[in-house]
Amino acid sequence: MQRRSPVDKLVLSMNELTPDTRASLLGKLQESENSCAWNDFTEIYVPVIRRTALRVGLQNADADNVVQDVLLVVSQAIHQWLDRPERGSFRAWLFRIAKNKALDLLTRKATRPENAPNRHWESIADRDTAISSFWESEYRLELFSRAAKEIQKAVSESTWQAFWMSTVEAVPIKEVAEKLGVREGVVYLSRCRVLNRIRTLVKQWENAS
């Protein structure tokens, strides 16, 4: 079994903080001139779509084509999806679009590189489960990374280093305290404060109405 890195474990712990994409953002995507909404959407989802396309075995240029195809579908069909009385999860809808575009292109062009991960699936069910799990993991990672960048700008360098070294790099608390010249309790407090602020920011992004 592959061992997870500290940042993987941290991102997984945020699973309960990532409900579906907020309705306000999706509604604004219907407005073709709302560049802010599209910027928010693309900042979160474009890296996820691209990495998922690469994960199934596409090359870089084809992964970029998948991103463009998915964005085109969303821009043309988001209003129809929002009008559905039982539309389900937006992220699930987007995942289906991205997965189908990637697998269709993979099959049609046969561009899977020799070293592509997950290029041999025992069954369609195994493949779909693997891709779905990867998609969710990458989505949570993207939210965490975006929130972390915002919080880093809002806290002192020593507070950030205490959080980053002890949580992401998994450096022992005692060693972090010695490196930063602070008490161990300060490291614990800094870690909790930064993590709580990241969690709060993710909630704000996802739950805003």
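No value in this document is a laboratory result; all are computed from the given coordinates. Owing to the predicted nature of the structure, the values given are computational and were not obtained by experimental measurement. Glycine also receives a Cβ, built like all others from the backbone with ideal geometry; neighbour counts cover every protein chain displayed.
Couple of notes before you dig in:
- Computing FRET efficiency as 1/(1 + (r/R0)^6) for residue 169 and residue 204, where r is the C-beta to C-beta distance and R0 is 35 Å, gives about 0.85.
- Estimated FRET transfer efficiency when R0 is 30 angstrom, pair residue 130-residue 46 (beta carbons, to 0.05): 0.90
- Extension gain, residue 100-residue 72: 0.36 nm per intervening residue step, less the Cα-Cα distance, totals 8.7 nm.
- Environment charge at residue 50 (Cβ cut-off 14 Å; Lys +1, Arg +1, Asp -1, Glu -1): -2
- Estimated distance in nm for a label pair at residue 61 and residue 107, the labels positioned 7 Å out from Cα along Cα-to-Cβ: 2.3 nm
- Using a simple spin-label model with pseudo-atoms 7 Å out from Cα toward Cβ, residue 79 and residue 39 lie 2.4 nm apart.
- Electrostatic bookkeeping for residue 159 treats Lys and Arg as +1 and Asp and Glu as -1; over the other residues with beta carbon under 13 Å from its beta carbon, the sum is +3.
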